[in-house]
Structure formats: structure tokens, C-alpha cells
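Okay, so here's the structure we're looking at.
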Amino acid sequence: MRPFPLRVFGTALVFMSAMGLTLSVAWPALAQETAAPATDAPAADVEASDVEASDDEATDDEAARFAAFTKAMTNVKLVGRFTIAGDDDKDPIRDEYTISSVVKVGEADLWIVSARIRYGSVDLTVPVPVEVKWAGKTPVITLDSVTIPGLGTFSSRVVIDGPLYAGTWQHDAVGGHMFGKIVPVEAPEKVPATKSGEGK
């Protein structure tokens, strides 16, 4: 079975997160303390200012990451190879996907990846909801048991590292590894819209 192209995306990240890229910055909750003397009030004010400044920096960093991910995953092709678990005696199989855009949705980790699917008689664009998590500063596009009617259930964890990608994929009972490079599409491709029942 040829793995379905959209295994790439989840929180993505598709793709990933493809692949959302939301950077979840968890700030430690301030422990309640015994009421301090009045003379300690100025120090408390300074601490509050420091926390506020840190929050602003985190928001700016998050926005920069979102912008960079959006730019990196717009009108690109993921060109590489994949393996099928259990077929260890076979060489990796060439694979290619076209990603037209990624769009952040809401406040959580959700992104929508518009990916072109071309295999057999199928040629269409499918919007795929994915999550994009972070390993430090590196996005990991995550697709977690997403069912696409007529095509199956897909999962993936794909790391986007500059111009390279690598990860794992699962299409129903079949899975394996995937890896390759990310290259720009010279000109945006005109892609047919999704049609119900197409490709069956």
C-alpha cells in the first residue's frame, strides 16, 4: 500500500505542527506567600514588572515563529522517500507532496494545511487540521489519528528542520519512516478544489 501523502501533517505539519506551531509558554504560577511588611511592597512591584516583560517577550517570540513557519511552508514541495515497516529488505520509495499554504487557527496548537494530493486518478487539494508542537525551537507537525472519509485514518510526527524533514507516518495498519528536503515551488500551482466522492 502506498502511504497517503497527508501523513506528513498533524499538527502539523498536513502538514506536522503542517504542520499548531503555537508556542505554549508555561509560566510558573507564583506561590502564595505570607503577607509581607509594607516596606517590601516596592520589591513586589518590581517582580510584577519583570513577569509582564517576560510575557511580552514570549508573545513576540511566538509571533515570529508563526510568521517563519508560515513562510517556510507556503508553496513548497516536500521531496523525499519513505519506508514501510516490515519491508526492511526494500529500498526507500520516492515521495513528493505539494503544500500550498498553512493557516493558524485559534489560540491552541491547531493549523490548517492545504496540501495537494496526486496519486492514481486523484488530484485535489485537501485542508488538513494538524497540531504543531515544539522541540525547543524546532516545529514538529503532528497528525493524531485523523480520519479522512473515503481515504482512511492517518497519524504522523514530522520534524521540520530548516530545509529538511524527517519523521514517522501511519495510514490505517501500515506505517514507517519518512525523510527528505523542502524545496520552493517556482510558481503557485492551480489545484482543483475538493470534490465529494472524487477518487473513489
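The values are calculated or read from the model by the stated rules, or taken from the named source; none is laboratory data. Computed from a predicted structure; not experimentally measured. Note: ideal-geometry Cβ built from the backbone for every residue, glycine included; neighbour counts use all protein chains shown.
Structural remarks
- Pairs meeting the criteria (first residue in region 63-80 and over 16 Å from residue 96 (Cα atoms) and of a type in the set (Lys, Arg), second residue modelled with pLDDT under 95 and loosely packed, with under 15 Cβ neighbours inside 10 Å, beta carbons under 8 Å, at least 6 apart or on different chains) are 65/137.
- Region 96-144, subset at pLDDT below 90, in a strand (DSSP E or B) and of a type in the set (S, T, N, Q), residue surrounded by the fewest Cβ atoms within 10 Å (Cβ to Cβ): 138
- Exactly one residue out of 173, 166 is out of contact with any Asp or Glu (no Cβ under 7 Å at 6 or more places or on another chain), surrounded by fewer than 18 Cβ atoms within 10 Å (Cβ to Cβ) and more than 23 Å from residue 70 (Cβ to Cβ): that is 173.
- Residue in region 154-175 that is at negative phi, outside any strand (DSSP E or B), modelled with pLDDT under 90 and among the small types (Gly, Ala, Ser) present: no
- Residue count for region 63-86, restricted to those that are in a strand (DSSP E or B) and within 11 Å of residue 178 (Cβ to Cβ): 4
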